[in-house]
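Reading through the structure tokens given below for one structure.
The values are calculated or read from the model by the stated rules, or taken from the named source; none is laboratory data. Treat the numbers as computed from the prediction; the structure is a model and nothing was measured. Cβ coordinates were reconstructed from backbone atoms using ideal geometry, including for glycine residues, and neighbour counts include every protein chain displayed. Keep in mind that these areas ignore ligands, DNA and RNA; they rest on the heavy atoms of the full protein, side chains included. Shrake-Rupley method; radii C 1.70, N 1.55, O 1.52, S 1.80 Å.
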Amino acid sequence: MSTLAKHTFIAAMALLIAGPILLFGETWIVGRAALQQALPISVLAAVFFATMLLEQYALRYLRRAKGGKGVTGFYLLSKMLRLLLAIVMLLAYALAIRTNIVLFAVNLFVCYIITVVLSSIFCVKGEQKGKTTIQ
């Protein structure tokens, strides 16, 4: 299994496991009103998974085609863009739906943290792998 496929599988499983845990936890704490968050949780997971997948492909391209130049800059840029995307999604939800904003914010935060942590781990592993092959 290639490294990219392994990273994609791990990210997919983390987001797939987080979704039901969030939904059941919120239902236990808040009650049936939390069930309205099922679709937003799914959309958040899909959006963050897609951004993480695009980031992994771009990092792979930079490592192979550019010899690793620009990886650090792109890594920082992708983290900033992911944060801006999260803020825009929160604002759009708050303006459009106007209910259960705190639950949505919690779901958004969890999906954001999962993808930031996993992409950071994957990027560090890729950098370590690149340094060992260069030496």
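Taken over the range 32-67, the criterion of being of a type in the set (A, V, I, L, M, F, W, C) and either open to solvent by 70 Å² or more (accessible area, probe 1.4 Å) or more than 30 Å from THR99 (Cβ to Cβ) (or both) is satisfied by LEU35, LEU39, VAL43, LEU53, LEU54, ALA58, LEU59, LEU62, ALA65.
Just a yes or no: is a residue in the range 68-82 farther than 25 Å from GLY130 by Cα and open to solvent by less than 70 Å² (accessible area, probe 1.4 Å)? For the range 68-82, residues farther than 25 Å from GLY130 by Cα and open to solvent by less than 70 Å² (accessible area, probe 1.4 Å): absent. A residue that is aromatic (Phe, Trp, Tyr) and over 30 Å from GLY25 (Cβ atoms) occurs somewhere in the range 63-80. The set of residues in the range 98-109 being more than 13 Å from VAL43 (Cα to Cα) and in contact (Cβ under 8 Å) with a residue 24 or more places away in the chain consists of THR99, ASN100, LEU103, VAL106. Looking at the range 83-102, can you tell me whether even one residue there is in contact with a helix residue (DSSP H, G or I) (Cβ under 6 Å, 6 or more places away or on another chain) and closer than 16 Å to ALA11 by Cα? So far as the range 83-102 goes, no, none of its residues is in contact with a helix residue (DSSP H, G or I) (Cβ under 6 Å, 6 or more places away or on another chain) and closer than 16 Å to ALA11 by Cα.
State yes or no: is LEU95 more than 22 Å from the chain's Cα centre (by Cα) and more than 19 Å from LYS6 (Cα to Cα)?
Values: more than 22 Å from the chain's Cα centre (by Cα): yes; more than 19 Å from LYS6 (Cα to Cα): yes.
Judged against the criteria, LEU95 is a match.
On the stretch given as the range 83-122, residues that are closer than 20 Å to LEU39 by Cβ and either open to solvent by 40 Å² or more (accessible area, probe 1.4 Å) or small (Gly, Ala, Ser) (or both) total 20.
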